[in-house]
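The values are calculated or read from the model by the stated rules, or taken from the named source; none is laboratory data. These numbers come from a predicted model, not from an experiment. Cβ coordinates were reconstructed from backbone atoms using ideal geometry, including for glycine residues, and neighbour counts include every protein chain displayed.
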Amino acid sequence: MLADDHRMLREGLRRSMIDQGFDVVGEARDGDEAIRLAEELRPDVILMDVTMPEVDGVEATRQIRASCPEIKIVMLTMHADQEVLTSAIRAGASGYLVKDCSTEEISSAVRMAVSGETALSPQLAASMLDEVRRLDQPHRDEDRIVTRREEEVLQLIADGCSTPEVAEKLYISQKTVKNHLASIYQKLDARDRTQAVLQAVRMGIVSLD
């Protein structure tokens, strides 16, 4: 499903997504309509504009994820804004892309969202780094919260690796990677990869280069 207040952009996205093999089941012109259609249509993924009238994309995401947690939401934004990125993470979005990205990047983000992974455009990854660098870092000599292997998994995720790529680099199975991620989420009180990475950077466990 598409949610954007600009008709031309919605039409362009619709054509692009259909060309990439996706079924576009609906379009919303604002956040209110996005919330209503999400509950009515139950799409697998919503491409959600951040800036919309009435209810913005972040608030719409928060409400949709609360009522329909199975729906994945990929945010589209004009600028790599740190505050919006943090709000979107907390609202439960599964991907964050700047609108000047390619059709292939959007398609990849949608597929990653469906498989439970998170996509961040390079601009937004840099924005996240700018934010976490301002936060107080705990001393690294504190008791280790995650294991060394979990730290390796986290660092590769922070570097933008997918589950198969992490498995290949560490010579472990994808199932083992997913088990490590489940343990990481519990230890860091995170619900997805992006929250886990953000928390890990705050705690000085991994770094974003």
* May I ask you to list the residues in region 1-32 that are in a loop (DSSP other than H, G, I, E, B) and either in contact (Cβ under 8 Å) with a residue 60 or more places away in the chain or under 19 Å from V114 (Cβ atoms) (or both)? => M1, D4, Q20, G21, F22, D23, V24, V25, G26
* From the list S127, S183, S107, pick out the single residue that is assigned to a helix (DSSP H, G or I), in the same structural domain as L76 (by TED's automatic domain parsing) and modelled with pLDDT of 85 or more. => S107
* **Residues that are over 19 Å from I89 (Cα atoms) and of a type in the set (V, I, T), drawn from region 150-204** => V153, T163, V166, I172, T176, V177
* Could we say that T61 is in contact with a strand residue (DSSP E or B) (Cβ under 7 Å, 6 or more places away or on another chain) and under 18 Å from S108 (Cβ atoms) here? -> no
* To do: Inspect all residues belonging to region 75-83 and state whether any of them is crowded, with 23+ Cβ neighbours inside 10 Å, closer than 27 Å to T163 by Cβ, out of contact with any His (no Cβ under 8 Å at 6 or more places or on another chain) and not polar (S, T, N, Q).
  => yes
* **In region 82-112, the residues that are more than 19 Å from Q20 (Cα to Cα) and charged (D, E, K, R)** => E83, R90
* Structure fact -> Inside region 33-89, the number of residues satisfying the requirement of being at pLDDT below 90, in a helix (DSSP H, G or I) and either among the hydroxyl-bearing types (S, T, Y) or under 19 Å from S115 (Cβ atoms) (or both) is 3
